[in-house]
Amino acid sequence: MGKTGKGKKRPAVEANSRSGAGASEKSSSSKKRSVDNEEADAGKKDFPPPQDASSSSDDSSSDEEDDDLVLEGEIMRMPGTTTSDEELSSEEEDEDEDEYGGKKARKIPLPEDYKKKSSKKQKKDNKRDKSKSKRGGGEPKVDTVNVDFIFCDMDEKFFYGIKTLLLANPVYAPQSSALSDLMIDNVSVGTVVSAEGYAKGEDDVFAVASVLNVTTHSSQPCIQYLRKQCLDHCPSQHKEEMETVLSGKTKRPAGFFLHGRMINMPLEICEVLHQQLVLDMDWAVKNAEGGEDVRKSLDYGAFVVMAPCTRSGGDNGMLVYKYFDDEVFASNAEFMYTFDAPKSGLEEAGGEKQLCSVIVMTKTGHRDAMNDLAKLIHGAKAN
C-alpha cells in the first residue's frame, strides 16, 4: 500500500482502536528513536520533546511518520490471511477510501460463469479418473438382464425371427423365407424359444427347431433345393443310401431336421429345445388329425441335418461345428459327409471357409444323441 498522498491521513486514534497492542508498540518505538536521535545530535540542535502518537493529528508529519502510517496500514490486515501477493495487489487497487481517508477493502465479485466452469472442469476430472481406473485394470461394469424364456408353438409372428436364424446357415440362406413359411405351417412338430415380455409383440426368436417331411413337401422348391444339395455332394460310398432316405419309399418317412439358435444361449435351454421337439413328434403321432396317412407322415424314421461347420488347420483339419449339439448328432449318425457350402457374406469378408456337414440319423440314433446331449450338458454344469 502506498502513501495516502493528498488524501486525509489516518488518525493515530483510529490506528490504536483497530490495531490494539500493535499500535501501542509502534508508538513506544517511535519515542525511543526520537530520544536516540536527540542524544546523538546533542549540542548541535534542540529538538522539541517527542509527541505522543495518540495526540498527533498534525497534517505536517514527517516522512518517517508517513512510513509508520503505511506500516500500520499493512499491519492492520487481518491475521491468518492466506491471500497471495497477486490477489493482495488486485484488492488494493480496487479498494475505496473510508471516511478517514484510508483504504477500505472491497469484495471482488466472481464471474457469473465461475460455478459453471468449475462444474465442467469437475466433470472432465471425473471422466479422466474413470478412464484411469479402466486403464489401471479395474473390472468393467457388467449389466445383468434377467430373461424368462418361453417355449412356443409355431406362429406367423415369429417369421422374421426364424428367418434370421436360418440366414446364419449358408445352405439354408438362399431359401430362408420359403423354409420359414413351411416351418410355421408345420404346427404339429416345431418349437420356438422366445421371451415373455421381452419386447412389444413378443416376437423375438432366440432358438427354433423343426422337422419337415421330405415326401409331404416334395413339391416345394425349398425342399427340392435341399434334396439336390445333399445328392449332388454325396460321395459314391453313401450315394445309394442317401437316395433311399430321400426317395420317400421307406417304411417310415425321412425329415429335414432344421434348428438354429443364438450362440450364447444357455446350455439348459438347448437341451429343453430338443426335448420339446421329441415331445412334439410323440404327441403328433398319437393325436394326429386326418387319418392314418397323416399319422404315418409324422412318425419319422430318419433325420437329415445340414450342419454348418469349418475346419481347423486347413483342408485336412478337424471339423468344428457351429452348434455343439450337431457334433453330438454326428457321433450318433448312420453316416455323414461334408461339402463346401455356398459362399456367404462372412466368407467373402475374409472369414474361414464355410462347410456343410450332412448328418443322417435314424430315430434310434436321434434318441441316443438326446441322452448323450443331456449327459454332456449336466456333466459340464456339474464341473
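Return yes or no: is residue 147 open to solvent by 70 Å² or more (accessible area, probe 1.4 Å), modelled with pLDDT of 65 or more and either in a loop (DSSP other than H, G, I, E, B) or farther than 30 Å from residue 250 by Cα (or both)?
Values: open to solvent by 70 Å² or more (accessible area, probe 1.4 Å): no; modelled with pLDDT of 65 or more: yes; either in a loop (DSSP other than H, G, I, E, B) or farther than 30 Å from residue 250 by Cα (or both): yes.
Considered against the rule, which asks whether it is open to solvent by 70 Å² or more (accessible area, probe 1.4 Å), modelled with pLDDT of 65 or more and either in a loop (DSSP other than H, G, I, E, B) or farther than 30 Å from residue 250 by Cα (or both), residue 147 comes out as no.
Of the conditions (1) assigned to a helix (DSSP H, G or I); (2) touching a residue at least 24 places away in the same chain (Cβ under 8 Å), residue 203 clears all except one; give me its number.
Condition not satisfied by residue 203: (1).
Is it true that residue 252 is surrounded by fewer than 16 Cβ atoms within 10 Å (Cβ to Cβ) and in contact (Cβ under 8 Å) with a residue 24 or more places away in the chain?
Working: surrounded by fewer than 16 Cβ atoms within 10 Å (Cβ to Cβ): yes; in contact (Cβ under 8 Å) with a residue 24 or more places away in the chain: yes.
Yes; evaluated as a whole, the condition is true for this residue.
Got at least one residue in the stretch 224-236 being open to solvent by less than 10 Å² (accessible area, probe 1.4 Å) and either modelled with pLDDT under 95 or farther than 23 Å from residue 327 by Cβ (or both)?
no
Of all residues being on the phi < 0 side of the Ramachandran plot and outside any helix (DSSP H, G or I) in the stretch 262-296, which is surrounded by the most Cβ atoms within 10 Å (Cβ to Cβ)? Just the residue, please.
Keep residues of the stretch 262-296 that are on the phi < 0 side of the Ramachandran plot, which gives 262-289, 292-296.
Filter again for outside any helix (DSSP H, G or I), leaving 262-266, 287-289.
Working: 262: 13, 263: 7, 264: 6, 265: 15, 266: 13, 287: 10, 288: 17, 289: 8.
Filtering the stretch 262-296 for residues that are on the phi < 0 side of the Ramachandran plot and outside any helix (DSSP H, G or I), the one surrounded by the most Cβ atoms within 10 Å (Cβ to Cβ) comes out as 288.
The values are calculated or read from the model by the stated rules, or taken from the named source; none is laboratory data. Keep in mind it's a predicted model, so treat the numbers as computed, not measured. Positions of Cβ are generated from backbone atoms using ideal geometry, with glycine treated the same way; all protein chains shown enter the neighbour counts. Protein only, heavy atoms only, side chains kept; ligands, DNA and RNA dropped before computing areas. Shrake-Rupley method; radii C 1.70, N 1.55, O 1.52, S 1.80 Å.
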